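The values are calculated or read from the model by the stated rules, or taken from the named source; none is laboratory data. Treat the numbers as computed from the prediction; the structure is a model and nothing was measured. Here Cβ is always computed from backbone atoms with ideal geometry, including for glycine, and neighbour counts include all displayed protein chains. In case anyone asks, the SASA skips ligands and DNA or RNA and just uses the protein heavy atoms, side chains included. Shrake-Rupley method; radii C 1.70, N 1.55, O 1.52, S 1.80 Å.
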Amino acid sequence: MRMREQRSEGVIGNITGIICTIVSVVVMIYICRFACGDDIWYDEVFSLGFIRGNIRELISLTAVDVHPPLYYIYLKAVCGIATGLWGEEILIPAAKAASIIPWCGVLALALTVIRKRYGMTVAGFFMLLVTVMPQLGTYYLEIRMYSFALLLITAAILTGIGIVCDDKKPGIVHFVMLVMLGIMTAYTQYYACIAIIGLYIAMFVLILTGKDEEKRYKLKGITVCAVASSVLYLPWIPTLLKQMGNISGNYWIQPLTLRSIPGCIKFIVLPVSGAGVLGYVAAALVLITMGIVTILFLRKKDKCGKIMVMLSIASLLFTVVSGFVLSLAGTPIFVYRYMIPALGGLYLAFAVMADRVAEGKWIPVILCPFLITGFLSIMGLRDEEGKKIVQMQHAEEVLRSIPEGSDIITNFDHVTAVMGYYRPDLNIHLYDAETDRLIRQMFVNVDDELGDDQVAELVRNESPVFFMGSFNSRDDIVADWEKIGIGSELKDSMLIERYWINLYELRPVVY
């Protein structure tokens, strides 16, 4: 029996699914209001820097970075269209909108493929989870590839389910779609590529160990897909090996330990808010609900449903396990946000399990902990993103007050990169440290490793010199400069995205 014929939704479940979908759309419209700000942080500087040149230059820059180029090509296309219609001043909001557009693609999948196969209850519940659950709202606003990869992986999982779970012989279009989605994901982000590999492995194992009449045909099709994907990825392999060599030594990401396992869970379920104890209570309720639903589902005689769940969560599990393996191998290159692209599969699996367990009656009860957690998460997003927009208005006034041609000294490489983007007409110097070489390559007005002698020389020149100090170390730096004849006057303080910065004007001390 095919999976899409095994529905348990009733009137209550159907209405709940419709309401969940409407709520999801309303929430996303609310999230969109926070895309209007011009605040960016360090990682987003790379995204915006890569798309300034032509496609060849873009690919060349990404080859030096630690990500493949497809997302940046997509970002350049979206921003090119938007700025062509409304002007360069909307570049940053347009870039943020490029992360919201994939959510629209996920909504389209929910209302078509998921609804047709599993019913409106599952489609609506899935849509609510993938919209309001912790972390996701932030990454629908961030100028990075996570929401784009989430759309691709979710679509690939649905394609894989269509191949594995249906008794009938899959059409060629299923295998073509699997190859296309897989290779697009592989050219988007490396951990997203690992998630696709996990999906392929799960598909192969589940078909191999099953009793499907079309087993041989499906195994042959998946094998051809894997080979075709490998061939299509060959042109990027030399670049991948070079990138791996660049990060094989010291890297900023900390190794994973056993404590990272609850950290992964916390990242997925804990609301990003100032709710304190209430947030932890909500997360605990979500975990308890997920645990109960999973146990009740596993007790059901629903072989196809269990196969579907295993396929849906395979990408997330393989991503996390690979992160631990690489960390143990001495290459800690996994952070929690790399799970984001695979969360669509997790929430699809849970929505299906909840629908089977609820049997069309109890879905509103199961929904309650997720509504509480989602509400707290969106309120946390409102507080954080709203503060950034308000503070950025003041920061822009401060930045405009700095005369053209001035020298800016920073003590934090993130601020160096952000200022290199915001004010290309200023000379940006990083004090006593080194910037990423890509930053110096993208922004010719940036240099680094500025020493005290160079600072003194700049101050003696006629051009204005300012110090953008971050962290408590700025007070020590200013005090040390005072000892060598460099005076400072605090002009203002500002918040740019996540960086609190004191702006000092430097002048020679007159005794």
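Structure data summary
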item: Matching entry among 99, 147 (being of a type in the set (Gly, Ala, Ser), open to solvent by less than 20 Å² (accessible area, probe 1.4 Å) and touching an Asp or Glu at 6+ places or on another chain (Cβ under 8 Å)); result: 99
item: Members of the stretch 431-462 found to be hydrophobic (A, V, I, L, M, F, W, C), in contact with an Asp or Glu (Cβ under 8 Å, 6 or more places away or on another chain) and crowded, with 16+ Cβ neighbours inside 10 Å, listed by number; result: 438, 439, 450, 458
item: Subset of the stretch 365-403 (residues that are open to solvent by 50 Å² or more (accessible area, probe 1.4 Å) and more than 24 Å from the chain's Cα centre (by Cα)); result: 365, 368, 393, 394, 396, 397, 400, 401, 403
item: Among (1) in contact (Cβ under 8 Å) with a residue 12 or more places away in the chain; (2) among the charged types (D, E, K, R); (3) open to solvent by 40 Å² or more (accessible area, probe 1.4 Å), the one test that residue 301 misses; result: (1)
item: Selection from the stretch 467-499 of residues that are assigned to a loop (DSSP other than H, G, I, E, B), closer than 30 Å to residue 37 by Cβ, open to solvent by 50 Å² or more (accessible area, probe 1.4 Å) and not charged (D, E, K, R); result: 471, 472
item: Tally of residues being within 18 Å of residue 307 (Cβ to Cβ) and either in contact (Cβ under 8 Å) with a residue 24 or more places away in the chain or of a type in the set (S, T, N, Q) (or both) across the stretch 196-211; result: 10
item: Residues satisfying the stated conditions in the stretch 199-222, i.e. farther than 21 Å from residue 313 by Cα and in a helix (DSSP H, G or I); result: 215, 216, 217, 220, 221
item: Single residue of 40, 81 found to be modelled with pLDDT of 95 or more and open to solvent by 30 Å² or more (accessible area, probe 1.4 Å); result: 81
item: Selected residue [modelled with pLDDT of 90 or more, in a helix (DSSP H, G or I) and surrounded by fewer than 16 Cβ atoms within 10 Å (Cβ to Cβ)] from 285, 296; result: 296
item: Within the stretch 140-162, considering residues that are within 8 Å of the chain's Cα centre (by Cα) and part of a loop (DSSP other than H, G, I, E, B), the one nearest to residue 33 (Cα to Cα); result: 140
item: Of all residues in the stretch 315-334 being hydrophobic (A, V, I, L, M, F, W, C) and touching a Phe, Trp or Tyr at 6+ places or on another chain (Cβ under 9 Å), the one that is modelled with the highest pLDDT; result: 320
item: Yes/no for residue 62 being open to solvent by less than 50 Å² (accessible area, probe 1.4 Å), assigned to a helix (DSSP H, G or I), within 22 Å of residue 348 (Cα to Cα) and not aliphatic (A, V, I, L, M); result: no
item: Residue within the stretch 160-175 that is closer than 28 Å to residue 72 by Cβ, open to solvent by less than 20 Å² (accessible area, probe 1.4 Å) and aliphatic (A, V, I, L, M) present; result: no
item: Neighbours by Cβ (under 8 Å, 6+ apart or cross-chain): first from the stretch 149-171, in contact (Cβ under 8 Å) with a residue 60 or more places away in the chain; second part of a loop (DSSP other than H, G, I, E, B) and surrounded by 23 or more Cβ atoms within 10 Å (Cβ to Cβ); result: 149/188; 149/189; 152/188
item: Evaluation of residue 112 against (1) open to solvent by 20 Å² or more (accessible area, probe 1.4 Å); (2) under 20 Å from residue 30 (Cα atoms) (one fails), failing number; result: (2)
item: Subset of the stretch 256-282 that is assigned to a loop (DSSP other than H, G, I, E, B) and of a type in the set (Gly, Ala, Ser) - its residue that is most open to solvent (accessible area, probe 1.4 Å); result: 274
item: Positions within the stretch 18-37 being modelled with pLDDT under 95 and open to solvent by less than 10 Å² (accessible area, probe 1.4 Å), in sequence order; result: 37
item: Contacts under 6 angstrom Cβ, first residue in the stretch 323-347 being more than 16 Å from residue 197 (Cβ to Cβ), partner open to solvent by 20 Å² or more (accessible area, probe 1.4 Å), 6 or more apart; result: 327/255; 327/256; 332/255; 336/267; 340/139; 346/313
item: Residue 444 vs. criteria within 30 Å of residue 51 (Cα to Cα) and β-branched (Val, Ile, Thr); result: yes
item: Residue within the stretch 437-445 that is assigned to a loop (DSSP other than H, G, I, E, B), over 39 Å from the mean Cα position of the chain (by Cα) and of a type in the set (A, V, I, L, M) present; result: no
item: Test: residue 190 is crowded, with 22+ Cβ neighbours inside 10 Å and out of contact with any Asp or Glu (no Cβ under 9 Å at 6 or more places or on another chain); result: no
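Condition check ((1) over 23 Å from residue 47 (Cβ atoms); (2) touching a His at 6+ places or on another chain (Cβ under 9 Å); (3) free of Cβ contacts under 8 Å to residues at least 60 places away in the same chain) across all residues:
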residue: 423; (1), (2), (3): no, no, yes
residue: 431; (1), (2), (3): yes, no, yes
residue: 444; (1), (2), (3): no, no, yes
residue: 454; (1), (2), (3): yes, yes, yes
residue: 464; (1), (2), (3): yes, no, no
residue: 476; (1), (2), (3): yes, no, yes
residue: 507; (1), (2), (3): yes, no, yes
